[in-house]
Amino acid sequence: MSAETWVPAGAGIDELRASAAGCRGCELWEPATQVVFSAGNPKGPMMLVGEQPGDQEDRRGIPFVGPAGQLLQRALAEAGVAVADVYVTNAVKHFRFTERGKRRIHATPQVTHIKACRPWLEAEVADVDPQLVVALGATAAKSMLGPAFRITAQRGTVLELPPPFGPRPVLATIHPSAVLRTQGGPEHDAAFAGLVADLRTAAAAVAG
């Protein structure tokens, strides 16, 4: 499985987004409502890469518009990162889910899905050419840094992305949904503060 057949060589973001609508690089396209490609400034200095779209993103066709996206917006604002400076995408472009009655429950993408979708991410990084990539969560980090990467051990540190994504700086942090899962618990404030701190580190790296 691979999206490579559908990725036009040397294309800009608009052409990539249009081509992605027809991608059949893995089976996730079939139950999904639509492809969810990217949002934000395609020439922004900071590129945020999440895991995959969620239920609301799948319905609207825009990444990070659900609860996790709203939390991310608050974290970016607290970290002093301007929305106009950010390009946002996901490692996997279709929503993977299981149905439970009328609800669609998020299911973590498999390694095969991450590998199948990687040509899109490679093309995005090449065209956006960000000063820094922020990997939100383990799926995004492993898609670019390899399966041995561990968020718990290496988050919040500016590292270097290997080819074909780099060489360029990358910082990995937790996914906003991980912060959401702590709501109502004593660890929520610390989890949110940790995400903000990592985004501040990313902003400082971009500022030089």
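The values are calculated or read from the model by the stated rules, or taken from the named source; none is laboratory data. Since this is a predicted model, take the numbers as computed values, not measurements. When we count neighbours, we look across all protein chains shown, and the Cβ atoms used for this are built from the backbone with ideal geometry, even at glycine. Accessible surface areas use protein heavy atoms only, side chains included; no ligands, DNA or RNA. Shrake-Rupley method; radii C 1.70, N 1.55, O 1.52, S 1.80 Å.
Some points to look at:
- Using the empirical formula 2.2 N^0.38 Å as the baseline, the Cα radius of gyration of the range 58-174 reaches a ratio of 1.10.
- Count of Lys pairs (Cα-Cα under 23 Å; at least 8 positions apart or interchain) in the chain: 5
- Evaluated over the range 147-199, the Cα radius of gyration and Dmax, each in Å: 13.1, 41
- Within the range 1-106, trypsin sites (Lys or Arg not before Pro) in DSSP loop having at most 13 other beta-carbon neighbours inside 10 Å: ARG24, LYS43, LYS102
- Screening the chain for whole DSSP H helices with an alpha carbon extent of at least 27 angstrom along the helix axis and a mean Kyte-Doolittle hydropathy of at least 0.5 yields 188-207.
- Local electrostatic count at ILE13 - Lys and Arg +1, Asp and Glu -1, tallied over other residues with Cβ under 15 Å: -3
- Charge-dipole axis of the chain as Lys and Arg at +1 and Asp and Glu at -1 on Cβ define it, positive-most pick from VAL81, VAL111, LEU48: VAL111
- Per the Debye formula on identical point scatterers at the alpha carbon atoms of the chain, with no solvent, log10 I(q)/I(0) at q = 0.08, 0.14 Å⁻¹ is -0.24, -0.78.
- Measuring nothing but protein heavy atoms, the accessible surface of the range 86-208 at 1.4 Å probe radius is 53 percent carbon and sulfur.
- Of all accessible heavy-atom area on the range 29-72, the percent that carbon and sulfur account for (1.4 Å): 51 percent
- Computed [θ] at 222 nm, deg cm²/dmol, the chain (DSSP H ≥ 4; -39,500 (n - 2.57); rounded to nearest 500): -11500 deg cm²/dmol
- Calculated accessible area for the range 1-41 comes out at 53 Å² per residue, all protein chains present (probe 1.4 Å; ligands, DNA, RNA ignored).
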